[in-house]
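Remarks on the structure that follows.
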Amino acid sequence: MAKVLLVEYDQTWQNIAMQGLSAHKVECSTALSEAYKRLESEVFDVIVVSIETNYGDNVRTLKSKLPPNTPVLVASEQTKTENVVQTIRTGAFDFIVKPYNAARIGVAVEQALENRALRNEIDYLRRTQDITYDFDRIIAVSPAMGKVISTLKRIADSEATILITGETGTGKSMLSGTVHYNSRRRSKPFVKINCANIPETLLESELFGHERGAFTGATKTRTGRLEQANGGSVFLDEIGELTPALQAKLLRVLEEKCFERLGGNQTIRTDIRIIAATHKNLEANVEAGTFRQDLYYRINVLRVHLPALRERAECIEPLSKYLLEKTCRELKKNFNGFAPGVMDLFKRHTWPGNVRELSNTIERAVLLEESNRITLESISVSGFSQKADPPSSKPIKDLETSEKDLLVKALELADWVQKDAAIRLGVTARKLNYMIRKHGITHTRWRRNK
């Protein structure tokens, strides 16, 4: 139910509007001057106002007294095109011509409410994005990471190609986004492509697009990711996985800012900034002849190396606390930090999977832990060195087995209804589906297993 302010001087139209808005809480004013006074102390979700003159000025004044994204719907007996255009241009969401029926105004208000919700969500996501990609919010306690962030701050707003190197899971993708959203291209598209995750036969079409009939199954023209990113930035993760043919086409994009779609002959121009990343030794690949030397020189203009997590031990504790808070928000859990011994264990571990492994370890612990803080019993980290072995008085469970057992138990209690099992576990349906696929759990009642 929304709170609607109806500004209508005619009792007949007021009655009709009230019928159409019966699902909402409606308050009425008979004049704009009265409405202005109400707006000084009250907040409404939608304004429906009857106006017959000075459309632009009245709407502009009304909008100035409202919170952002509050829709204004104008009702009027006027049908002149210039009046409608002027009203919409000055910020009205809709122009409703009298005579109207109750259904017309009811639908218009519902559409306005949907639009308001969407705009509020977009504003929220933009604010969240700004926070996520804020250099000053990146956990960089160690001198090594401090140097990385300092370097990226200096080069983010340049137009030069950046190559980010480092082991898998060190945060190359996140930092590429931070570079883009702190550059002059921040308002343009940011496109991520993992060259290792897309089959070779599809990667060319993914990057450059294709024309209809370019290959079997190409029933229509497809715009490639490089074309979609025009004006913005493209993050090519694991660029070392590109085939020689794709390396040649990418080199042309970097040198000439143009390409052709697969199966096409029209040259397409694109203005993009390339941010590349790899965990491989590209110099060795160049020596071995698997990576083009000229392309290597093109992408290795500004280079940043991300240290492994074991090389920035000072970051482990603050990272763990941040990841625990983030996981609790996503899974709707409430934890009071880590029990004694856990952080010592984390600091001794070599973390071959780096930050990604740390994140996954904490997420699994949150799913398994039954107390109000993460204990050693709910932690399972493979690959400990001898000095990092946990105390014998705190045996660590086989986490993968425990997680699967927990899933099966929840599904059994929910009579194998996934939605109900997700509620029991306190996770989203999407998260539960991921866990089910991960452990290969099946049931004869599930449609996809029949």
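The values are calculated or read from the model by the stated rules, or taken from the named source; none is laboratory data. Note that the structure is a prediction, hence the values are computed from the model and not measured. Cβ sites come from the backbone with ideal geometry, for glycine too, and all protein chains shown count toward neighbours.
Among the residues of the range 154-166, those identified as surrounded by fewer than 21 Cβ atoms within 10 Å (Cβ to Cβ) and touching a residue at least 40 places away in the same chain (Cβ under 8 Å) are Ile155, Ser158, Glu159, Ala160, Thr161, Thr165, Gly166. Residue count for the range 281-325, restricted to those that are surrounded by fewer than 20 Cβ atoms within 10 Å (Cβ to Cβ), in contact (Cβ under 8 Å) with a residue 24 or more places away in the chain and charged (D, E, K, R): 8. Residues that are surrounded by fewer than 16 Cβ atoms within 10 Å (Cβ to Cβ) and part of a helix (DSSP H, G or I) were ranked within the range 128-143; the one that is modelled with the highest pLDDT is Pro143.
Here is a list: Thr201, Thr178. Which entry is surrounded by fewer than 17 Cβ atoms within 10 Å (Cβ to Cβ), more than 17 Å from Val301 (Cα to Cα) and either of a type outside the set (Lys, Arg) or more than 21 Å from the chain's Cα centre (by Cα) (or both)?
Details: Thr178 fails: surrounded by fewer than 17 Cβ atoms within 10 Å (Cβ to Cβ).
Within the list Thr201, Thr178, the selection yields Thr201.
Of all the listed residues (Thr53, Thr81), the sole one being hydroxyl-bearing (Ser, Thr, Tyr) and either crowded, with 20+ Cβ neighbours inside 10 Å or over 21 Å from Asp10 (Cβ atoms) (or both) is Thr81. The strands (runs of 3 or more DSSP E) falling completely within the range 19-84 that include 2 or more residues that are among the hydrophobic types (A, V, I, L, M, F, W, C), assigned by TED's automatic domain parsing to the domain that holds Ile96 and farther than 16 Å from Lys98 by Cα map to 25-29, 46-50. Using the structure shown, decide if Leu367 is in a helix (DSSP H, G or I) and modelled with pLDDT under 90. So Leu367 passes the test.
Of all residues in the range 295-311, none are under 24 Å from Lys192 (Cα atoms), among the aromatic types (Phe, Trp, Tyr) and assigned to a loop (DSSP other than H, G, I, E, B). Among the residues making up the range 335-369, those that are free of Cβ contacts under 8 Å to residues at least 40 places away in the same chain, crowded, with 22+ Cβ neighbours inside 10 Å and under 25 Å from the mean Cα position of the chain (by Cα) are Thr361, Ala365.
Restricting the range 1-18 to residues that are in a strand (DSSP E or B) and not β-branched (Val, Ile, Thr) leaves a set whose member that is surrounded by the most Cβ atoms within 10 Å (Cβ to Cβ) is Leu6.
If you check Ala277, Ala248 for being surrounded by fewer than 16 Cβ atoms within 10 Å (Cβ to Cβ) and either part of a helix (DSSP H, G or I) or of a type in the set (Gly, Ala, Ser) (or both), only one passes: Ala248. In this structure, Leu254 qualifies as closer than 20 Å to Leu163 by Cα and either assigned to a loop (DSSP other than H, G, I, E, B) or in contact with a strand residue (DSSP E or B) (Cβ under 7 Å, 6 or more places away or on another chain) (or both). For the range 144-171, a tally of residues being of a type outside the set (A, V, I, L, M) and part of a loop (DSSP other than H, G, I, E, B) returns 10.
Which residues, counting only those in the range 134-144, are of a type in the set (A, V, I, L, M) and more than 24 Å from the chain's Cα centre (by Cα)?
As a first pass, look at the range 134-144 and keep what is of a type in the set (A, V, I, L, M): 138-141, 144.
The answer is Val141, Ala144.
Of all residues in the range 257-271, exactly one satisfies the criterion of being acidic (Asp, Glu) and assigned to a strand (DSSP E or B), namely Glu260. Screening Ala248, Ala214 for residues that are touching a Gly at 6+ places or on another chain (Cβ under 6 Å) and either in the same structural domain as Ser173 (by TED's automatic domain parsing) or of a type in the set (Val, Ile, Thr) (or both) leaves exactly one candidate, Ala214. The lone criterion from (1) out of contact with any strand residue (DSSP E or B) (no Cβ under 8 Å at 6 or more places or on another chain); (2) at pLDDT 90 or above; (3) not hydroxyl-bearing (Ser, Thr, Tyr) left unmet by His24 is number (1). Being at pLDDT 75 or above and of a type outside the set (D, E, K, R) is a condition met by no residue of the range 385-393. The residue of the range 19-34 that is farthest from Val109 (Cα to Cα), among those that are hydrophobic (A, V, I, L, M, F, W, C) and loosely packed, with under 15 Cβ neighbours inside 10 Å, is Ala31.
Considering the range 213-245, and only residues there that are among the β-branched types (Val, Ile, Thr) and in a strand (DSSP E or B), the residue that is nearest to Leu295 (Cα to Cα) turns out to be Val234.
Is there a residue being part of a loop (DSSP other than H, G, I, E, B), within 25 Å of the chain's Cα centre (by Cα) and crowded, with 19+ Cβ neighbours inside 10 Å anywhere in the range 92-103?
no
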